[in-house]
Protein chains: 2
Amino acid sequence: MQPEFAMQLALDAAWRYQGVTYPNPAVGCTVCGPRGEILAVAAHKRAGGPHAEVWALKEAYSLLSGDAAIEPLVDSAAIHDYLRRHHGGIFRDCTLYVTLEPCSHHGKTPSCALLIRELHPEKVVIAHEDPNAEAAGGAALLEAAGIVVERGLLRDAAADLLLPFVCWQKERFVVFKWAQRLDGSVDGGTVSSDASRSYVHAMRDRCDLLVIGGNTVREDRPTLDARLVGGKSPDVLIYSRSDRFDRTIPLFTVEGRRVMVSDSLADIAGYRNVLVEGGPGMFEACRELADCHLAFVAPATGGTIPFTKSDERFRLMHTAALGSDLMLWLKRE
Amino acid sequence: MQPEFAMQLALDAAWRYQGVTYPNPAVGCTVCGPRGEILAVAAHKRAGGPHAEVWALKEAYSLLSGDAAIEPLVDSAAIHDYLRRHHGGIFRDCTLYVTLEPCSHHGKTPSCALLIRELHPEKVVIAHEDPNAEAAGGAALLEAAGIVVERGLLRDAAADLLLPFVCWQKERFVVFKWAQRLDGSVDGGTVSSDASRSYVHAMRDRCDLLVIGGNTVREDRPTLDARLVGGKSPDVLIYSRSDRFDRTIPLFTVEGRRVMVSDSLADIAGYRNVLVEGGPGMFEACRELADCHLAFVAPATGGTIPFTKSDERFRLMHTAALGSDLMLWLKRE
């Protein structure tokens, strides 16, 4: 198999969890055998859970060794430990393709670079270096141990994948999310499929602030929680010139949540992972603020109000089908 | 690796050539080794060229055997012959995942089922049975030789992939293609990227009739050839109530092409692979005629004329990035 194909599989796997790995980056990993055959493809799914490399090495070990005892393990430290004790050099001719430099520090989970050094594959191909100074150094650590390290394969694509992480490492990541039909319309009833709405709930569960327009609150009387995934309810900033709201609207009565009403988006200060959900008005208000845009597109037509009337150009970072809808990650240019 | 993952890779590979394999179906194939590792993923690319199974088996053989002598071969009969003479039972523990039942007849290329029977993998997983009576029987032939055959994995997805083929086998396939921006707009200059336009030229090269509206001809003065891929120029049906056209418009002076002007789409009779390119007017005219729809979506906004003002619902059959655009294969519901 071509190295690009292996790395693209890792990237695609990672994008499936984009937006829900906070405060960690979305990362993917493919493990190939000595002749380039693909043994495993995996992604990091949630902070605190195993990193992409660990899931992929677990799967590859199980396949190569036939040892099914590793299969029930889901705790990162437990998988690290099992692999360390049982690998028996089984990865010595393998190549790992990782979208991000393996972490060298011991955070919520043990260091991937130390594990990989011990398992000692022949080669590690890294799409993008770690922009986090605390975690960087993984590549050098592997090279010093005699593992071949190649850098920069599909780096631009990996940089897109890493964009949210880079933003919240610096200060803050703001994603503007909207739902539209194929004709750009946003009105006339529910637009998105259940799968799209569940994905947004998973993002709400992971973000620390949800920003929404005052009109949406008045008209839709939303709860703005993450009930579809059993998740937490983020703080809410209602962007509105007036602070007169019917306080029986469900979003106000969620326990443990802070609700702010403000006519200034500067009030997102102090929050690092911000999800803005909105229509045409919020799109305009967040034009410069948003680090990237996320569109859920229903393959239908029939509304009358477009999500924007202005001229915009985006770069398509990633596309995938999600339930019956289309999910587009976009970078405004 | 999961069987679904292997089959999905075969489906995705096949979709990359959807619309350009006529009169053959778009088909994909993944070859897995004894432990489920992925050895090769390939697609059928053009009629007369090797089938998906042959490309995938060639790649898997090269990987498993280390015999590079097969690599320069691109002729289907030559690859068949080389594999027959050199396989040495190397596939005996392998599994093939094919989106379509391997063909049992010798057409432009030798029969895949006979080749597979001789190479004798352990198992062949088939997403969709062959709807072509002339080519069917491949699965039974493999089973009779003691190869395990499993049917129906991701069959619905494989049926979508097969839709054009089923249509032109019966009588005729009509695809309606348009280019729009993310806001549904079609006006205001070139919408699509070069990559999208090249894909459309490749489809023009393979279709036998291109249908276009009279206004487009008058306003754009197009050539309607396949120059971006060095391909042939299909016959053209101009759908128009008036037959008054400036005959110096380039499309009229292409040699060897028939140009019809008609106010009836019934004049597509006799053509089996029909590409309609159009805007809002043609979309309406072809609503019932089109077997599926193909949208090239530029990630931009800013036009004023939507591709349709009517209520439509589609099923998303496939999505992929193509250059800077998005390509959507849709089935109207």
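The values are calculated or read from the model by the stated rules, or taken from the named source; none is laboratory data. Predicted, not measured: the structure shown is a model, and the values here were computed from it. Every residue, glycine as well, gets a Cβ built from its backbone with ideal geometry; the counts of neighbours run over all protein chains shown.
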Selection over region B:321-333 where residues are within 7 Å of another protein chain (Cβ to nearest Cβ) and surrounded by fewer than 20 Cβ atoms within 10 Å (Cβ to Cβ) yields a count of 2
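When region B:38-62 is examined, which residues are found to be of a type in the set (G, A, S), more than 10 Å from chain A (Cβ to nearest Cβ) and more than 18 Å from B:A6 (Cβ to Cβ)?
We begin by selecting, within region B:38-62, every residue of a type in the set (G, A, S); these are B:40, B:42-43, B:47-49, B:52, B:56, B:60, B:62.
Now narrow it down to the ones that are more than 10 Å from chain A (Cβ to nearest Cβ): B:42-43, B:47-49, B:52, B:56.
Those that are of a type in the set (G, A, S), more than 10 Å from chain A (Cβ to nearest Cβ) and more than 18 Å from B:A6 (Cβ to Cβ): B:A47, B:G48, B:G49.
Could you grab me the full set of residues in region A:1-37 that are part of a loop (DSSP other than H, G, I, E, B) and within 14 Å of chain B (Cβ to nearest Cβ)?
Narrowing region A:1-37 to residues part of a loop (DSSP other than H, G, I, E, B): A:1-2, A:16-27, A:33-37.
Residues satisfying the conditions are A:M1, A:Q2, A:R16, A:G33, A:P34, A:R35, A:G36, A:E37.
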The number of residues in region B:157-190 that are small (G, A, S), under 24 Å from the mean Cα position of the chain (by Cα) and in the same structural domain as B:D291 (by TED's automatic domain parsing) is 1
Only one of (1) more than 29 Å from A:G184 (Cβ to Cβ); (2) assigned by TED's automatic domain parsing to the domain that holds B:P131 does not apply to B:L209, and that is (2)
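Of the residues B:I116, B:I70, B:I147, which single one is of a type in the set (A, V, I, L, M) and touching a residue at least 40 places away in the same chain (Cβ under 8 Å)?
On the way: B:I70 fails: touching a residue at least 40 places away in the same chain (Cβ under 8 Å); B:I147 fails: touching a residue at least 40 places away in the same chain (Cβ under 8 Å).
Sole residue among the options that is of a type in the set (A, V, I, L, M) and touching a residue at least 40 places away in the same chain (Cβ under 8 Å): B:I116.
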Residues in region A:39-90 that are under 28 Å from the mean Cα position of the chain (by Cα) and under 26 Å from B:T30 (Cβ atoms) total 21
B:S65 passes all but one of the listed conditions (1) within 14 Å of another protein chain (Cβ to nearest Cβ); (2) surrounded by fewer than 16 Cβ atoms within 10 Å (Cβ to Cβ); (3) under 24 Å from B:H106 (Cβ atoms); the exception is number (3)
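Kindly check whether there is at least one residue in region B:243-250 that is within 17 Å of the chain's Cα centre (by Cα) and on the phi < 0 side of the Ramachandran plot.
No - not one qualifying residue is present in region B:243-250.
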Next on the checklist: Whether any residue in region B:212-223 is buried (at least 22 other Cβ atoms within 10 Å of the Cβ), away from chain A (no Cβ under 14 Å) and either aromatic (F, W, Y) or more than 30 Å from A:V297 (Cβ to Cβ) (or both) is what I want to check.
Outcome noted: yes
Taking region A:288-304 and the residues there that are outside any strand (DSSP E or B) and either more than 21 Å from the chain's Cα centre (by Cα) or facing another protein chain (nearest Cβ under 10 Å) (or both), the one that is nearest to B:L330 (Cα to Cα) would be A:P299
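Yes/no matrix, rows are residues, columns are (1) closer than 21 Å to A:A136 by Cβ; (2) without any contact (Cβ under 8 Å) to a residue 40 or more places away in the chain:
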position: A:H51; (1), (2): yes, no
position: A:V54; (1), (2): yes, no
position: A:A60; (1), (2): no, yes
position: A:L63; (1), (2): no, yes
position: A:D75; (1), (2): no, yes
position: A:H86; (1), (2): no, yes
position: A:R92; (1), (2): no, yes
position: A:T99; (1), (2): yes, no
position: A:S111; (1), (2): yes, yes
